[in-house]
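Before any comments, here is the structure.
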Amino acid sequence: MSKYDCTKTELKWQKIWDKSKLNSADLKSSKKKYYNLVMFPYPSGDKLHVGHWYNYGPADSWGRYMRMKGYSVFQPMGFDAFGLPAENYAIKTGVHPSKSTAKNVETMVKQLKRIGCMYDWDKMVNTSDPEYYKWTQWLFLQMYKNGLAYKKLSSVNYCPSCKTVLANEQVWDGKCERCKSDVQNKELEQWSWRTSKYSQRLLDGLEDLDWPEKTKLMQRNWIGRSEGIDIYYDVDGLDEQISVYTTRPDTNFGATFIVVAPESEFVKKNFDEFKDKKAVEEYVREAGKKSDIDRIAEGRKKTGVDTGLFAINNLNGKKMPIYVSDFVLAHVGTGCVVGVPGHDIRDFEFAKEKDLEIVRVVVGDDGDKSPIESAEQVQEENGTMINSDFLDGLPIMEAKEKIKDHIEKDGFGKRVVNYKLRDWLLSRQRFWGAPIPIIYCDKCGEVAVPEKDLPVELPEDVDYMPKGGEKSPLETSKKFVETNCPKCNGKARREVDTMDTFVCSSWYYLRYLDSQNKKDPWDKNVAKNWMPVDMYIGGPEHACMHLIYARFVMMALHDFGYVSHDEPFLKLIHQGLVTKSGAKMSKSKGNVVSPDEFVEKYGSDVFRMYLMFMGPFTDGGDWNDRGITGIARFVERFWSMIIEKSEVKDADGLKRAVHKLVKRVTRDIEKMHFNTAVAALMEFVNFASKNGVDDSAKKICVQLIAPLAPHLAEECWETLGQKYSVVDSKWPTFDEKLVIDDTVVLGVQVNGKVRGEIEVAKDAKQEDAIALARKNPNVLKHLSEGKVVKEIYVPGRIVGFVVK
RNA sequence: GCCCAGGUGGCGGAAUUGGUAGACGCGCUGGAUUCAAAAUCCAGUUCUAGCAAUAGAGUGCGGGUUCGAUUCCCGCCCUGGGCACCA
């Protein structure tokens, strides 16, 4: 018997696939399409680790399965190549990001090819390629032209010692990860896209998507729709109003103070009216020094300054002191909060700190009507109104509507729908990204780069070392910065900020559809047929950022008339996380496991199946290599089953076993339960080694294993004299009649405990089954312990007796 | 703190959503083969007692519904993930 040589066989078939262009999808084909997409990787120096394989292997198996089901499957691959790590690597080693990235891409392509996935390499994309980011810039211009891109002052984390802007992940405990200095908040003019304009559509669109409920829920929370009311409070003695958004107007009789954010308009406008200007000025300055993260990390202790001003509650004429405090953020809501300390924990904490009045207006289920003195008594949900004039006695939900009507009627408030979703701030003060295609002219002001001048290429002569202050390192390239105005041809300067890498990844699924096209970002007709993506597979960590950005971009492009659909991803699956010793794999933890040595030793088919065999695809798990030999043995046994002659002992039994196998493997793959699909095939191989197999059974087995072990299947298929390629053969079907056995073995229970078993026809009558069960000596023994009061028979499942 | 998942042998995991818990694989034990080992093949393997038939216990813990619960209900504990001064 000849052993199965995995390496030789796998390399052989990879070469044949490559040569025959087996995996190049014909995007103009009229066959029913299936766009099977995995989230593209970031080309890091870590190379691909087992987590990538855990994702890509099963995703490819799914694509192969769909292909055998008769679809024209398109499976592209590319690289999300811009980003921080390459830039940091450059700062550390002096190697230009384009060089290190190119090298990483090369290694990863080599690794990816070794998996043997059916990637269509002709359509590969690399987001740092000028031919790609040209269109990322084009996308920016479309947003700009259509009023969805705008500039505003926004705050960033700034390290005064490194003189550079930091990403959130570079800030540790409010300190710069590199030099440990305190990180500051700095306001810079930055570009944003109006995602908030699409809040309601992003929310509504979720309804029809075949996504995990968990992910939809996360997006709903992220978008954060709430129905509330803006209430206006007159400021005592001034011609001024404070507007506050609240979802809890029902508690407004319990309002005792107002808090405004240090950066709010109110503070700027009314500064001269404040009692202790110095204290407020000082407080605002201190708050400005803190980064957002620092402000959060400060703990639960509340601080603030009394402005000396009062606001009037129009409900009851109450005068409420106005405070400035940093627990209120200017960019959330209206930047002002009405303090209801009896029914909001944060307000309660602030009131305790400042010794402000606390009024109870809600009685909870416990019926406690006593004054609120401790945080535990703060009643936020459920209850009945008290001390609230005309609302007294109403449940919260009813009181909410009644008071909204009242406030609107009296004209000191208006119902509004509010969303937490903010606009997408996409300016980055970094080198390794797509330059924002805007020019500032001395005469004409802000001018968009004409589309014919794209791409705005990244310069070679830039100094990317961090010393540019609050500007991007691109500022150091004269050649880049200095340009002429496209309008007047006068002296002008380029925008030096680059775009968030999420912009690059927000539209790549469209570029794949025509990655060689130099005239257009994609072929409109091809996109019309191939979008939306039928299956999108990637990590759950992208539930809110990437998956909202991509949906937003698709909707915007649809509105501009460039695409026919407004949702990019029809079905979404998250693969599970593979950990090592319980921790996420990362270079810093030094626990990255490389797949390479396992692939070399056992082959990629074995490695892929082993990862699948770990458990359900969506679960993930902790990596260890114990047990990989089990899959290697299985592959050997499978190979022997195919090449060795055997004698069939029971032809009917074999036929039934094959039909059962087809049913199980089909069902398991449909559910993405690859682990049990492999187990079913193992069981069949065990069965075959005892009972023999014929050629037709062999053929079906090879087809069933083809999505899971593509190289092995191809070799077996050829050995059986079948026509290349197995992935283009039709997925086997089964006959439901042959899956059900004529006889079944049933357990016999006495008072719920199994006391024996009987074999009966699958549709045996109750009397017959009960009679047979009564003949079992052990059952009889337990029946004799009392009187049988009930007989139970569930055909195909169980026989039971109740004895008393 | 809030919102999701999840907790099953020595290990990874199965169980047709109320019907014989532990499929499949790893590991372990014994046997065959071999001068010997590796590899391979065969048998066994939840725990306790027993030579065995069998009995008792058993799906994180405590209750409940039911002839019967890993599955349904109530209360707790633990682990993983997400969000967090968001008004």
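The values are calculated or read from the model by the stated rules, or taken from the named source; none is laboratory data. The structure displayed is predicted, hence computed values, not measured ones. Here the Cβ is made from the backbone with ideal geometry for all residues, glycine too, and neighbour counts use every protein chain on show.
For the reader, a short list of remarks on this structure follows.
- Scanning region A:754-800 for residues that are part of a strand (DSSP E or B) and of a type in the set (A, V, I, L, M, F, W, C) turns up A:Val754, A:Ile758, A:Val760, A:Ala761, A:Val788, A:Val789, A:Ile792, A:Val794, A:Ile798, A:Val799.
- For region A:574-615, filtered to residues that are away from RNA strand B (no atom under 14 Å from the Cβ) and outside any helix (DSSP H, G or I), the residue that is surrounded by the most Cβ atoms within 10 Å (Cβ to Cβ) is A:Gly603.
- Residue check for A:Glu636: within 11 Å of RNA strand B (Cβ to nearest atom), in contact (Cβ under 8 Å) with a residue 60 or more places away in the chain, out of contact with any strand residue (DSSP E or B) (no Cβ under 9 Å at 6 or more places or on another chain) and over 25 Å from A:Met66 (Cβ atoms): yes
- Count of region A:442-457 residues which are outside any strand (DSSP E or B) and either touching a residue at least 40 places away in the same chain (Cβ under 8 Å) or of a type in the set (Gly, Ala, Ser) (or both): 9
- Yes/no for A:Pro455 being surrounded by fewer than 22 Cβ atoms within 10 Å (Cβ to Cβ) and either modelled with pLDDT of 90 or more or within 30 Å of A:Leu27 (Cα to Cα) (or both): yes
- Checked against (1) surrounded by 12 or more Cβ atoms within 10 Å (Cβ to Cβ); (2) touching a strand residue (DSSP E or B) at 6+ places or on another chain (Cβ under 8 Å), A:Ala764 passes all but condition (2).
- Figure legend. Inter-residue proximity from region A:111-127: first residues under 24 Å from A:Ala709 (Cα atoms), second residues small (Gly, Ala, Ser) and in a helix (DSSP H, G or I), beta-carbon distance below 7 Å, spacing 6+ or different chains. Indicated pairs: A:Arg114/A:Ser604; A:Ile115/A:Gly57; A:Ile115/A:Ser604; A:Gly116/A:Ser604; A:Met118/A:Gly63.
- The number of residues in region A:29-69 that are part of a strand (DSSP E or B) and in contact with a Lys or Arg (Cβ under 8 Å, 6 or more places away or on another chain) comes to 1.
- Selection within region A:780-791: residues that are near RNA strand B (Cβ under 9 Å from one of its atoms) and within 15 Å of A:Val754 (Cβ to Cβ). The member of this set that is surrounded by the most Cβ atoms within 10 Å (Cβ to Cβ) is A:His782.
- Matching residues, region A:298-319, being charged (D, E, K, R) and either surrounded by 15 or more Cβ atoms within 10 Å (Cβ to Cβ) or within 15 Å of RNA strand B (Cβ to nearest atom) (or both): A:Glu298, A:Arg300, A:Lys301, A:Lys302, A:Asp306, A:Lys318
- Scoring A:Ser226 on the criteria (1) of a type in the set (Ser, Thr, Tyr); (2) out of contact with any Leu (no Cβ under 9 Å at 6 or more places or on another chain); (3) at pLDDT 90 or above leaves a single failure, condition (3).
- Note on region A:202-220: residues that are surrounded by 14 or more Cβ atoms within 10 Å (Cβ to Cβ) and within 26 Å of A:Asn146 (Cα to Cα) total 5.
- Of all residue pairs spaced 6 or more apart or on separate chains, those with beta-carbon atoms under 7 Å, a first member in region A:597-619 that is farther than 29 Å from A:Thr215 by Cβ and a second member that is within 15 Å of RNA strand B (Cβ to nearest atom) and of a type outside the set (A, V, I, L, M) are A:Phe598/A:Phe607; A:Phe598/A:Asp625; A:Val599/A:Phe607; A:Tyr602/A:Cys6; A:Gly603/A:Cys6; A:Asp605/A:Cys6; A:Val606/A:Cys6.
- Some residue of region A:473-493 being crowded, with 21+ Cβ neighbours inside 10 Å, part of a loop (DSSP other than H, G, I, E, B) and at negative phi: no
- The helices (runs of 4 or more DSSP H) found entirely in region A:654-753 that carry 3 or more residues being within 11 Å of RNA strand B (Cβ to nearest atom), surrounded by fewer than 19 Cβ atoms within 10 Å (Cβ to Cβ) and touching a residue at least 40 places away in the same chain (Cβ under 8 Å) are A:674-691.
- Members of region A:222-261 found to be surrounded by fewer than 19 Cβ atoms within 10 Å (Cβ to Cβ), of a type in the set (S, T, N, Q) and part of a loop (DSSP other than H, G, I, E, B), listed by number: A:Thr247
- Residues of region A:754-784 that are acidic (Asp, Glu) and without any contact (Cβ under 8 Å) to a residue 24 or more places away in the chain: A:Glu757, A:Glu759, A:Glu767, A:Asp768.
- Between A:Tyr34, A:Tyr65, the distinction of being in contact with a helix residue (DSSP H, G or I) (Cβ under 6 Å, 6 or more places away or on another chain), crowded, with 21+ Cβ neighbours inside 10 Å and within 23 Å of A:Phe634 (Cβ to Cβ) belongs to A:Tyr65 only.
- Meets criteria (in contact (Cβ under 8 Å) with a residue 24 or more places away in the chain and surrounded by 22 or more Cβ atoms within 10 Å (Cβ to Cβ)) for A:Val533: yes
- Screening the candidates A:Lys519, A:Lys491, A:Lys524, A:Lys528 for the property of being without any contact (Cβ under 8 Å) to a residue 24 or more places away in the chain and away from RNA strand B (no atom under 16 Å from the Cβ) yields one hit, A:Lys519.
- Extreme residue, surrounded by the fewest Cβ atoms within 10 Å (Cβ to Cβ), among residues of region A:621-633 that are near RNA strand B (Cβ under 8 Å from one of its atoms) and not β-branched (Val, Ile, Thr): A:Arg626
- Residue under evaluation A:Pro521, criteria (1) modelled with pLDDT under 90; (2) over 27 Å from A:Ser154 (Cα atoms), criterion not met: (1)
- Candidates A:Lys134, A:Lys151: the one that is surrounded by 17 or more Cβ atoms within 10 Å (Cβ to Cβ), in contact (Cβ under 8 Å) with a residue 24 or more places away in the chain and charged (D, E, K, R) is A:Lys134.
- When the residues of region A:320-347 are filtered to those that are away from RNA strand B (no atom under 12 Å from the Cβ) and closer than 21 Å to A:Lys269 by Cα, the one that is nearest to the chain's Cα centre (by Cα) is A:Val324.
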